[in-house]
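Structure record follows, encoded as structure tokens.
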Amino acid sequence: MVKLYTEVRVERRNDISITLSDRILMLGSCFSDEIGDKLLDAGFEVLCNPFGTLYNPASIASAIARLDASGTLFTAGDCVQIGAGDGRICSFEHHSSFAAPTQEAFLEKANGALLSSREFWRAANIVIITLGTSFIWKHDGKVVSNCLKRPAREFDRSMLTPDKTASLLNGIIDAHPDKKFIFTVSPIRHLGDGAHANTVSKASLHIALEQVLGTYPERTTYFPAYEILLDELRDYRFYATDLVHPRDVSVDIIWSRLKESLIPESEYRRLEANLKASAAARHIPHTEQ
């Protein structure tokens, strides 16, 4: 029979898996949120992006540093007014979904999330990090997670080298010997700078992860979400109408492959029961995957 696609092999590792008894922190691009929703529906204990969507390794490292910094909170000095006539208050460490009409309201929301997230983080034993881009933006010399519609002249843009990205990720792993790490590269393309720049950015992430995985083979693994969408599916039928984000069916396929590679078969019965219950709660027919 003629094969119409090349299947990406996803190997199961017995020493790194996720079970319904694990506590899982997910950080990274909006693809993290989509897979995080799947895990939540399946009954996993998951905290996804406590500061909102994060795209680059430096912002992810900063977010974890915040979670580690017991006793510290966001203050008035962290508050920034969103530009382009929006006027709401947020911070450069948060996604704009945290924005509020006043400084007080933002700080209450941000610090409430920070305190509850710290408690979860301390007990988390699995960390899933999805890297989106190597590009970073700095404001007054500090990497930002979101430019908040501020004028471009306020920021300096650069690209992290593979060595710098590897150093940031190594620092996270070294500081948390009690946790295991699952890395992915987001299949969502960042085309604002052009297709070539996106390719260079993603390649830099892959090179960095190769270094990290080689340094910590017993505590890290890689799940090929990027390769499944771009090398196996590789058709615009599998993209949303913006031709950048994956369609729901693509997320379902990637979730199915993740389940096969990272979730023990002994968990499948409970997992499927949880998925059916979640679907019933939303009045959505559930199809086993």
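The values are calculated or read from the model by the stated rules, or taken from the named source; none is laboratory data. From a predicted model like this one, the values you see are computed outputs, not experimental measurements. Cβ coordinates were reconstructed from backbone atoms using ideal geometry, including for glycine residues, and neighbour counts include every protein chain displayed.
Quick notes on this structure:
- Check on ILE207, part of a helix (DSSP H, G or I), in contact with a Pro (Cβ under 6 Å, 6 or more places away or on another chain) and of a type in the set (A, V, I, L, M, F, W, C): yes
- Any hit, the range 242-251, residues being in contact with a Ser or Thr (Cβ under 6 Å, 6 or more places away or on another chain) and without any contact (Cβ under 8 Å) to a residue 60 or more places away in the chain: no
- The residues of the range 155-204 that are basic (Lys, Arg), outside any helix (DSSP H, G or I) and under 28 Å from ALA124 (Cα atoms), listed by number, are LYS179, LYS180.
- If the condition is being part of a helix (DSSP H, G or I) and without any contact (Cβ under 8 Å) to a residue 24 or more places away in the chain, then the range 84-104 contributes only GLU104.
- Residue check, ASN198 in contact with a His (Cβ under 6 Å, 6 or more places away or on another chain), closer than 25 Å to THR6 by Cα and surrounded by 15 or more Cβ atoms within 10 Å (Cβ to Cβ): yes
- Contact map, the range 56-70: first residue farther than 13 Å from ASN170 by Cα, second residue of a type in the set (S, T, N, Q) and part of a helix (DSSP H, G or I), Cβ cut-off under 7 Å, separation 6 or more or different chains; pairs are LEU67/SER117.
- Of all the residues in the range 134-160, those that are in contact with a helix residue (DSSP H, G or I) (Cβ under 7 Å, 6 or more places away or on another chain) and either surrounded by fewer than 14 Cβ atoms within 10 Å (Cβ to Cβ) or more than 15 Å from VAL200 (Cβ to Cβ) (or both) number 5.
- Among the residues of this structure, GLU265 counts as one that is free of Cβ contacts under 8 Å to residues at least 12 places away in the same chain and on the phi < 0 side of the Ramachandran plot.
- Pair list, Cβ < 8 Å and 6+ apart or interchain, from the range 11-35 residues that are free of Cβ contacts under 8 Å to residues at least 24 places away in the same chain to residues that are surrounded by 17 or more Cβ atoms within 10 Å (Cβ to Cβ) and among the polar types (S, T, N, Q): ASP33/ASN49; ASP33/THR53
- Residue check for ARG237: surrounded by fewer than 17 Cβ atoms within 10 Å (Cβ to Cβ), basic (Lys, Arg) and without any contact (Cβ under 8 Å) to a residue 40 or more places away in the chain: yes
- Enumeration of residues in the range 148-167 that are over 13 Å from ALA58 (Cβ atoms) and free of Cβ contacts under 8 Å to residues at least 12 places away in the same chain: ALA152, ARG153
- Qualifying position, being assigned to a helix (DSSP H, G or I) and either modelled with pLDDT of 95 or more or surrounded by fewer than 19 Cβ atoms within 10 Å (Cβ to Cβ) (or both), among LEU54, LEU47, LEU107: LEU107
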